[in-house]
Amino acid sequence: MRQARGTRLLLGSEATQRRDLINHLITTARAAGYEEVLLPSLEPADIYTDKAGPEILSQMYTLTDRKGGTLSLRPEGTATLQELARSWKGRRKDVRVFYETRCWRYETPQAGRYREFTQFGVEILDPRRDPTEELIALAERMVAQTGARYELRRGVKRGLAYYTADGFEILCPDLGAQKQVVGGGAYAEGVGFAIGVDRLLLAQQAAGGDNG
């Protein structure tokens, strides 16, 4: 069967394991008081060109619609949440949301790294106080519950231009060179993190863990 490079068709146990992991992440986020937000896959390209760093800009899938507008397949999730927070103009505070979304980046496919991939994100928008420690604890809990070995790194330079301070990462050493499974930090409209579902699933499998 022909497929575009960097994409996959999953079925059977592969699809089941992936769905079980996503359901675990959703259950954990809901239990912590976060509500789901559904993001569109296709958006105006300037949502990202105004915020993302040069690496992501070079990897975006863009197209021109029939009226000449430039659109992009989503390369990551946080930029859209920033737009949402700004649209409130301060009317809402401490909004806790999570999302599960497909993303697309034109990069070299590797184990756990594909051109079409799934990102699970958690964000606190317009917080009254810094919620970074709450988010780090939640990210650690999500990873730990899969059984994967991990380490937390703070004070990490993040590659996206919208971050306003050094962020944090969670790494799973069993994955080798591509070991980052979580990345997050603060931006003007809030604080959040994103999990690479494909990499976390590989880390879970390497550790022989489950979602229980």
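Here is the figure for segment 56-114: residues that are over 17 Å from Thr7 (Cα atoms) and not in a strand (DSSP E or B) total 26. Taking every residue in segment 58-80 that is under 18 Å from Gly183 (Cβ atoms) and pairing it with any residue that is buried (at least 18 other Cβ atoms within 10 Å of the Cβ) and among the β-branched types (Val, Ile, Thr), at least 6 positions away or on another chain, the pairs with Cβ-Cβ distances below 7 Å are Arg74/Thr101; Pro75/Ile56; Glu76/Ile56; Gly77/Thr101. Number of residues in segment 172-191 that are in contact with a Leu (Cβ under 7 Å, 6 or more places away or on another chain) and part of a strand (DSSP E or B) equals 5. Filtered by the rule that a residue be touching a Gly at 6+ places or on another chain (Cβ under 7 Å) and either at pLDDT 95 or above or in a loop (DSSP other than H, G, I, E, B) (or both), segment 145-171 gives Thr146, Gly147, Ala148, Arg158, Gly159, Leu160, Ala161, Ala165, Asp166, Phe168, Glu169. For segment 120-173, filtering for residues that are aromatic (Phe, Trp, Tyr) and more than 16 Å from Gln82 (Cβ to Cβ) leaves 3.
Residues that are more than 22 Å from Glu134 (Cβ to Cβ), surrounded by 11 or more Cβ atoms within 10 Å (Cβ to Cβ) and of a type in the set (S, T, N, Q): does segment 36-50 have at least one? Yes, because at least one residue in segment 36-50 is more than 22 Å from Glu134 (Cβ to Cβ), surrounded by 11 or more Cβ atoms within 10 Å (Cβ to Cβ) and of a type in the set (S, T, N, Q). So is Leu201 modelled with pLDDT of 90 or more and out of contact with any Phe, Trp or Tyr (no Cβ under 9 Å at 6 or more places or on another chain) or not? Judged against the criteria, Leu201 is a match. Scanning segment 21-35 for residues that are surrounded by fewer than 15 Cβ atoms within 10 Å (Cβ to Cβ) and over 19 Å from Leu125 (Cα atoms) yields a count of 2.
Looking only at segment 140-162, residues that are under 22 Å from Glu76 (Cα atoms) and not charged (D, E, K, R) come to 9 in all.
Residues in segment 139-174 that are more than 19 Å from Phe98 (Cα to Cα), crowded, with 22+ Cβ neighbours inside 10 Å and in contact (Cβ under 8 Å) with a residue 60 or more places away in the chain: Ala148 alone.
Among the residues of segment 181-195, is there at least one that is modelled with pLDDT of 95 or more, surrounded by fewer than 21 Cβ atoms within 10 Å (Cβ to Cβ) and either of a type in the set (Ser, Thr, Tyr) or under 29 Å from Met60 (Cα atoms) (or both)? No.
The values are calculated or read from the model by the stated rules, or taken from the named source; none is laboratory data. Everything numeric here is computed off the predicted structure, so don't read it as measured data. Counting neighbours? That spans all protein chains shown, and the Cβs are built from the backbone with ideal geometry, glycine included.
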